[in-house]
1. Being touching a strand residue (DSSP E or B) at 6+ places or on another chain (Cβ under 6 Å) and assigned to a helix (DSSP H, G or I) is the filter here, so list the residues in region 58-74 that pass it.
2. Please go through region 15-42 and pick out each residue that is surrounded by 12 or more Cβ atoms within 10 Å (Cβ to Cβ), within 18 Å of residue 3 (Cβ to Cβ) and more than 11 Å from the chain's Cα centre (by Cα).
3. Quick check on my filter: what residues within region 58-74 are under 14 Å from residue 16 (Cβ atoms) and either without any contact (Cβ under 8 Å) to a residue 24 or more places away in the chain or surrounded by 13 or more Cβ atoms within 10 Å (Cβ to Cβ) (or both)?
4. So how many residues does region 3-57 have that are closer than 19 Å to residue 69 by Cα, without any contact (Cβ under 8 Å) to a residue 24 or more places away in the chain and assigned to a loop (DSSP other than H, G, I, E, B)?
C-alpha cells in the first residue's frame, strides 16, 4: 500500500513530495472528488485542513473505515 498526500497549497505538496510521498494538488471540489474516486492501493491518506473543508462529509465517512488511514495536517 502507498501513502498519498492531497494538498491545496503548492508549498505543502512540494515538501511532502521531497520526502518521497506521492502527492496531488487540488484547487476545487471537482478535482478532489476525482482524486478520491481513485484511491486504489492507498493505505495512508494525508490531507491539509483546506482540503478537508472542501468535502468534510466525505472525509468523515473515510475516517470510519480502517483503510485508508486519514491523517489531517495543519
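1. Within region 58-74, 62, 63 qualify.
2. Hits for region 15-42 are 15, 16, 17, 21.
3. Restricting attention to region 58-74, the residues satisfying the condition of being under 14 Å from residue 16 (Cβ atoms) are 71-74.
Correct list: 72, 73.
4. Of the residues in that region, 5 qualify.
Quick note: the coordinates plus some simple rules give every number you see, no bench work behind them. The structure displayed is predicted, hence computed values, not measured ones. No Cβ is skipped: glycine too gets one built from the backbone with ideal geometry, and neighbour counts run over all protein chains shown.
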